[in-house]
Amino acid sequence: MPEFDMNYAFFIIGVLLIFAIFASKLSSFFGTPLLLLFLAIGMLTGEDGIILHIHYTDYSSAFLIANLMLAVILLDGGLRTSFSTMKTVATESTILATLGVVLTSGITGFLAYLILDISLIQALLLGCIVGSTDAAAVFSLLGKDDTVSLKSNVSNSLQIESATNDPMAILLTTTMIAFASAKTTSMYDAFVFFCSQFGFGILVGIVIGYIARVLIANITLGVGLYCIFVIGIGLIGFAITTYIGGSGFLAIFIIGMCIGNQKTRQVSYILPVSEGFTWLSQITLFLLLGLLVSPHEMVSYWYPGVVIAVVITLIARPLTVFLCIKPFFRAYNNRDLLFMSWVGLRGSVPIVLAIYPVFDKLDHPQLYFNVAFVVVIVSLLFQGSLIVPLSKILKVYAPSIAAPINKSDVGIMLSNDYELMNYRIKEPSFENIQLRSIVFPKGTNIAAVFREGKKIKCQGDTRIRIGDILSIIGTDADEPLLNALFSHQVRIKSHSLYHGDKIYNADTPLIDLAEQFDFELTSFEKTLSLADMMSYQIGGFPEPGDEVNLIKVSLVVVELEGDKIKRVGLYLAQERTAEYERLRRAKFNVYKSEQDNMQRRREDATKQLFDSIDDDEEYNT
């Protein structure tokens, strides 16, 4: 091996990063969990590997680097955990992420104690180390199939559980290590230690998280500096929490949640940069763990590792899911629960936690590290390879919902900014439909249409084709409505034309009509003309018959000039009621006429039948 100098170190780091990035492409192509490939690269370049033969056994530096990388990963997980998504499955996912981890760890540890020749403390510590799940690997595997997706309740529960159960597993592991190392000598001490870790973690996380929200909203930095600022705040929160006896990992996750759940321009700057830091942290962490393991030592621990992997996969995780979910939540059937049980893949956190006993100099430290490594590999190979087939067998797939191929903030508003969302048209019913005929969500605007890589002039009478990309400006609240619009058969406008006598030019100030007919307007609406008001309220392009309802009045598009509204009709509330009654009577008359015609045809057919029978009888006579 050449002398280990700075240039050689840079070369090795560059080669490992390039290998890891290419591995991410192979992961999506072959359907292999990304973590497994990163670990494999680390092992192949380690002391027992076939390339480079890097000898790395410094657990002290590994402990520092692994905790730093894990803190950055958890911070990004908090930034991307949505309160709105969490609310829909908050109860069940919180139970799984807290009580579920305790049950999984306890059941695994107790059964490992009965099966394996290890002490109860060792067995319970192993159960705590492998107690958390990494559902990110699941979604990377399921993401290969564009035609289907998981049911929303199953998907959201797995997402929130995987994002929030790592701090709980870390808490349990540190508590059990304190017990095993005699830092804690009684159950009461263990309970106090656990409560202080949990309590201080939540308290400091919330306080520093909201301080960070205020700071980020009121300072001006370069675009790339906001994320570095957030990482700095997160690490400060992590250090303070750990110093006073709390869980730094729980605190930094909560800090991320507090910062990420706001619709501001700064957050839109933070998330893309944070994604890059998180990828770098994951690659560094997984390669480091792969380098740290010695395959020739790990072979001697394959039996306890496989036993614990089988126990946690086939017994502990299913029991936990059914006990936590089945008695209380009827929205999940047995197939859903079986799939959620199988999805409990082990990820990077168990391997990182397995370094803790080495660092704290417990007895038989290699037992924890190598067994955790075997459990993770077996979980990723065995469970990971069967996730997609099992999801189809158990029918936990739902028809896929269209989503933007990409989206970005427009960059006009400091908070609650508008978004530019790009949708590819796949639904066949949209073929050759005019844009003005489609019922778009209120307030959305069509910015452009792209066909075969070329931007075409976008007008109300533009007909769209399958494969076109529509660029739409709207708010964050419009996204689920647009997703539903492009996922189902196209809805065509079917408005009736205006039949009243109150017709106004589109440039008439809206406030003049409000004063004349005594209806209320907001301060913003008072500044608008009729055309501006209608264009603001109608999604997409207007067409005659489009209607906007205000208090006491309804406004109806009467005439267009190109894509611009030229004249608008007005119904008072009582006139609108009369118009609805007229339409109801018209529809009833049409229906009655159709029924009368049908009855007349039946009578004519019956008469012709009997006449033909009479004619036959006369002929036979």
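The values are calculated or read from the model by the stated rules, or taken from the named source; none is laboratory data. Computed from a predicted structure; not experimentally measured. Ideal geometry is used to build each Cβ from the backbone, glycine not excepted, and the neighbour counts take in all protein chains shown. Surface accessibility is based on the protein's heavy atoms, side chains included, excluding ligands, DNA and RNA. Shrake-Rupley method; radii C 1.70, N 1.55, O 1.52, S 1.80 Å.
In this structure, is Tyr243 open to solvent by 80 Å² or more (accessible area, probe 1.4 Å), under 24 Å from Leu64 (Cα atoms) and modelled with pLDDT of 90 or more?
Yes; evaluated as a whole, the condition is true for this residue.
Just for the stretch 222-240: of the residues that are among the aliphatic types (A, V, I, L, M) and under 20 Å from Ala66 (Cβ atoms), which one is most open to solvent (accessible area, probe 1.4 Å)?
Among them, the one singled out is Ile236.
Just one of the numbered conditions (1) modelled with pLDDT of 85 or more; (2) of a type outside the set (D, E, K, R); (3) more than 20 Å from Pro350 (Cα to Cα); (4) in contact with a helix residue (DSSP H, G or I) (Cβ under 7 Å, 6 or more places away or on another chain) is not true of Asn218; which one?
Among (1) modelled with pLDDT of 85 or more; (2) of a type outside the set (D, E, K, R); (3) more than 20 Å from Pro350 (Cα to Cα); (4) in contact with a helix residue (DSSP H, G or I) (Cβ under 7 Å, 6 or more places away or on another chain), the lone unmet condition for Asn218 is (4).
Specify the residue that is nearest to His499 (Cα to Cα); the eligible residues are those in the stretch 582-595 that are free of Cβ contacts under 8 Å to residues at least 12 places away in the same chain and open to solvent by less than 70 Å² (accessible area, probe 1.4 Å).
Among those residues, the one meeting the criterion is Ala586.
Taking the conditions exactly as written (open to solvent by 40 Å² or more (accessible area, probe 1.4 Å), within 16 Å of Leu79 (Cα to Cα) and without any contact (Cβ under 8 Å) to a residue 60 or more places away in the chain), does Ile208 satisfy them or not?
So Ile208 fails the test.
Look at Asp76 and say whether it is at pLDDT below 90 and not in a helix (DSSP H, G or I).
The answer is no for Asp76.
Can you find even one residue in the stretch 184-203 that is open to solvent by 40 Å² or more (accessible area, probe 1.4 Å), modelled with pLDDT of 85 or more, of a type in the set (D, E, K, R) and part of a helix (DSSP H, G or I)?
no
Taking the options Phe450, Phe440, name whichever one is under 30 Å from Met534 (Cβ atoms) and in a strand (DSSP E or B).
Phe450
Looking at the stretch 452-473, which of its residues are free of Cβ contacts under 8 Å to residues at least 40 places away in the same chain, within 30 Å of the chain's Cα centre (by Cα) and surrounded by 14 or more Cβ atoms within 10 Å (Cβ to Cβ)?
Matches in the stretch 452-473: Ile464 only.
Restricting attention to strands (runs of 3 or more DSSP E) lying wholly within the stretch 453-524, give those where 1 or more residues are of a type in the set (Lys, Arg).
The qualifying strands (runs of 3 or more DSSP E) are 454-456.
Tell me, which strands (runs of 3 or more DSSP E) lie completely within the stretch 356-425 with 3 or more residues that are modelled with pLDDT of 80 or more and more than 30 Å from Asn333 (Cα to Cα)?
Here the list reads 406-409, 419-424.
Take the residues in the stretch 82-107 that are surrounded by fewer than 20 Cβ atoms within 10 Å (Cβ to Cβ) and polar (S, T, N, Q), then tell me which one is modelled with the lowest pLDDT.
Among those residues, the one meeting the criterion is Thr85.
Could you list, in sequence order, all residues of the stretch 227-266 that are in a helix (DSSP H, G or I) and farther than 26 Å from Phe200 by Cα?
Within the stretch 227-266, Arg265, Gln266 meet the criteria.
Among the residues in the stretch 485-494, are any surrounded by 13 or more Cβ atoms within 10 Å (Cβ to Cβ) and within 21 Å of Lys566 (Cα to Cα)?
yes
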